[in-house]
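Only one structure is covered here, and it is reproduced in the block below.
Values quoted throughout were computed directly from the atomic coordinates according to the rules given, and no laboratory measurement underlies them. Only a predicted model underlies this, so the values are computations on that prediction, with no experimental measurement involved. Glycine gets a Cβ as well: all are built from the backbone with ideal geometry, and neighbour counts include every protein chain shown.
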Amino acid sequence: MKFKLTLLLLLFSAGTLFAQQKKWTLEECILHAEENNITIAQFELDLENASLDISNAQGNFLPNLNGQLSASNNVGFSIVPGTNAPTTESTFRANGGVSSNVTLFNGLQNLNQLRRAKLNAIASQYRLDDLKDDIRLAVANAYLTIISNKETLTTQKAQYAVTEQDLKRTAELVEAGVLPRGDLLEIESTAAGQEQAIVNSQNLVLISRISLAQLLQISDYESFDVAEVDYEVPPSEVLNLSPKEIFAKALTFRNDIKFSETNVEIAAKDLQISKGAFLPTLSGFFNYSSGYSNRNQIPDVNNQLFRPDFIDQLWIFDGISYGAQLNIPIFNRFVNKNNVKRAKIGVQRAELQLEQNKLDLETNINQAYVDVNNFAKAYEAAQKTLEARRLAYDYSKERYDVGLMNAFDFSQAQSRVDNAEANVVRTKYDYIFRLKVLEFYFGIPIKLN
């Protein structure tokens with residue numbers, strides 16, 4: 001028993017350790033965000049409501065069925081059912097029945113309401129998918145920010161390791177009297193600055209991890225982390241396309257555009273529904289009723305009055321009515337007329353919103369296209385700058401080692417290399433994200449491998 005308990009504890013501890021060491025990939029983050037985002041959950045409920053609206057619209061084509069029951073007791077003067085004779089005795093009555101109504105024609109409003117409900121469900125799906133698109137981009141941006149901050153931290157630690165070696169060597173030369181003590185202080189100042197930069201980068205890594213964890217609805221910030229992968233700038237076919245080509249493709253599948261287009265169709269259905277109110281409405285009805293009274297009397301074969309029992313009265317005094325009713329709208333205080341005008345305004349508003357969304361999309365694509373080119377140039381320039389700074393640093397180190405450069409100038413050369421390396425990391429991930437945004441507008445899923 002003790003062995004089994006120990007084994008279970010070991011397995012639990014191992015599972016807990018594994019959970020704490022889990023490194024999230026971008027695909028896992030996106031999937032988790034889609035499954036746990038609160039706004040997505042709210043939009044999914046809206047989609048369920050839209051499905052119920054379809055069911056309601058379908059039910060409008062069916063007849064309804066209702067039952068009625070009533071019972072009363074009269075004390076004092078009343079008329080005896082059946083004989084119409086007056087009486088002052090207590091009279092008990094019970095009545096019941098069923099009724100049904102069905103709309104045969106109402107200006108096609110039921111049909112248009114069903115079509116509108118279906119369009120609204122489609123629009124709700126487009127809105128949900130558009131939100132997921134936004135969340136995917138937000139998760140990708142937050143994910144790349146963590147990777148960028150981590151890579152910057154790694155670079156700074158490597159730079160600090162080199163500075164530690166220089167610090168040790170300079171201390172030995174100062175102890176031997178070869179270099180002045182001021183050189184050692186200058187190198188120590190450089191090392192202290194790098195330590196501060198490392199602390200700042202560690203804080204940035206933590207903050208960016210917390211930001212992504214909050215986006216994913218994960219409260220365990222301490223154990224949350226992403227997979228440490230050094231992403232290279234990927235090749236992309238979208239760079240061979242013009243903004244107009246990307247925009248033309250985006251119009252065919254973007255959920256925000258589809259949502260606006262569907263809203264125009266919904267507004268058109270609202271207009272048809274409002275116009276249908278001007279047409280006559282034809283409905284059919286059916287009623288069945290029966291009743292009982294303790295004072296009911298009917299003549300027998302000998303024309304003598306007698307009181308039937310409860311069951312017999314239900315069959316004797318039952319009745320059926322059925323027919324059709326036609327309602328013709330003539331004047332309703334301008335309500336229908338104004339509803340049509342409002343529906344026309346709704347169509348115009350939806351059409352204008354669609355055009356505005358297209359303009360916004362085109363603007364965003366143009367901006368994304370410009371950003372990609374600008375950050376590509378910035379990344380290329382940062383790489384060239386880093387290469388030049390490293391050559392300058394190597395030359396400075398050679399001069400410093402032989403005493404031809406003071407420690408201040410040497411630390412400045414080191415600082416310029418540090419800044420150039422940090423700039424390369426930043427511009428690289430800025431470029432990767434902008435490239436992914438542009439690909440996303442073209443319909444390419446967000447992937448980093």
Next on the checklist: Rounded to two decimals, what is the ratio between the C-alpha radius of gyration of the range 221-285 and 2.2 N^0.38 Å?
Outcome noted: 2.34
Next on the checklist: Can you give me the Kirkwood hydrodynamic radius for the range 144-213, using every pair of distinct Cα atoms, in Å to one decimal?
Outcome noted: 13.4
Checklist outcome for this item: With the dipole of the range 165-227 defined by +1 on each Lys or Arg Cβ and -1 on each Asp or Glu Cβ, the option from L185, S211, V174 whose Cα lies farthest towards the positive pole is S211
Checklist entry - Can you pick out the pairs among K157/K397; K269/K436; K249/K344; K22/K150; K132/K275; K377/K397 whose Cα atoms lie more than 27 Å from each other? => result K269/K436; K249/K344; K132/K275; K377/K397
Item to check | the range 100-196 - Rg (one decimal) and Dmax (whole number), Cα, Å | outcome: 34.6, 111
Item to check | 13 Å beta-carbon shell around D312, net charge (K/R +1, D/E -1) | outcome: -2
Checklist entry - What's the longest piece of the chain with no exposed trypsin sites (Lys or Arg not before Pro), counting a site as exposed if DSSP puts it in a loop and it has at most 15 other beta carbons within 10 Å? => result 24-332
Item to check | Tensor-based shape of the range 305-449 (alpha-carbon gyration tensor, a/c under 1.5 rounded, otherwise prolate or oblate) | outcome: prolate
Next on the checklist: So if a site counts as exposed when it's one of the GluC sites (Glu not before Pro), its DSSP state isn't H, G, I, E or B, and it has at most 14 other Cβ atoms within 10 Å, what's the longest stretch of the chain without one?
Outcome noted: 233-449
Item to check | Global form of the range 66-144, assessed from the alpha-carbon gyration tensor, a/c cut-off 1.5 | outcome: prolate
Checklist entry - How much net charge surrounds N74 when only other residues with a Cβ under 14 Å from its Cβ are counted (Lys, Arg +1; Asp, Glu -1)? => result +1
Checklist entry - How large is the charge dipole for the range 180-287, taken about the Cα centre, if only the Cβ atoms of Lys, Arg (+1) and Asp, Glu (-1) carry charge, to the nearest 20 debye? => result 1080
Next on the checklist: Name the residue from Y369, P86, F310 whose Cα lies farthest towards the positive end of the charge dipole of the chain, charges +1 on Cβ of Lys and Arg and -1 on Cβ of Asp and Glu.
Outcome noted: P86
Item to check | Helix 407-441 axis, angle to the chain major axis (alpha carbon atoms, nearest 10°) | outcome: 30
Checklist outcome for this item: Averaged over all viewing directions, the convex hull of the alpha carbons in the range 274-323 casts a projected area in nm² of 5.8
Checklist entry - Averaged over all directions, how much area does the convex hull of the C-alpha atoms of the range 281-370 cover when projected, in nm²? => result 14.1
Item to check | Debye intensity ratio in log₁₀ form over the Cα atoms of the range 319-362, taken at each q of 0.15, 0.16, 0.34 Å⁻¹ | outcome: -0.63, -0.65, -1.07
Next on the checklist: For the chain, take the longest principal axis of its alpha carbons; what is the angle in degrees between that and the long axis of helix 181-215, to the nearest 10 within 0 to 90?
Outcome noted: 10
Next on the checklist: When 1/r is averaged over all different Cα pairs and the result inverted, which Kirkwood radius in Å belongs to the chain?
Outcome noted: 30.8
Checklist outcome for this item: The helix 109-175 Cα axis meets the longest alpha-carbon principal axis of the chain at an angle in degrees, between 0 and 90 and rounded to 10, of 20
Next on the checklist: Net charge around R390, counting only other residues with Cβ within less than 12 Å of its Cβ (Lys, Arg = +1; Asp, Glu = -1)?
Outcome noted: 0
Item to check | Dipole magnitude of the chain about its Cα centre (Cβ charges: Lys, Arg +1; Asp, Glu -1), debye to nearest 20 | outcome: 1820
Checklist entry - Can you list the HN-Hα couplings for the range 230-238, worked out from phi with the Karplus curve (6.51, -1.76, 1.60; θ = phi - 60°), rounded to whole Hz and with x for Gly and Pro? => result 8, 7, 9, 5, x, x, 8, 6, 5
Checklist entry - For the chain, with the dipole built from +1 on Lys and Arg beta-carbon atoms and -1 on Asp and Glu ones, taken about the Cα centre, which of A422, G107, L45 lies farthest toward the positive end? => result G107
Next on the checklist: With n ≥ 4 as the cut-off for DSSP H runs, can you work out [θ] at 222 nm for the chain, using -39500 (n - 2.57) per run divided by the number of residues, rounded to the nearest 500?
Outcome noted: -23500 deg cm²/dmol
Item to check | Full-stretch length increase - Q304, E222 - with 0.36 nm per residue and alpha-carbon distance subtracted | outcome: 19.8 nm
Next on the checklist: I'd like the chymotrypsin sites (Phe, Trp or Tyr not before Pro) in the range 263-363 restricted to DSSP loop residues with at most 16 other Cβ atoms within 10 Å, sorted by number.
Outcome noted: F278, F331, F334
Item to check | Compactness of the range 135-273 - radius of gyration and Dmax, Cα, Å | outcome: 26.4, 97
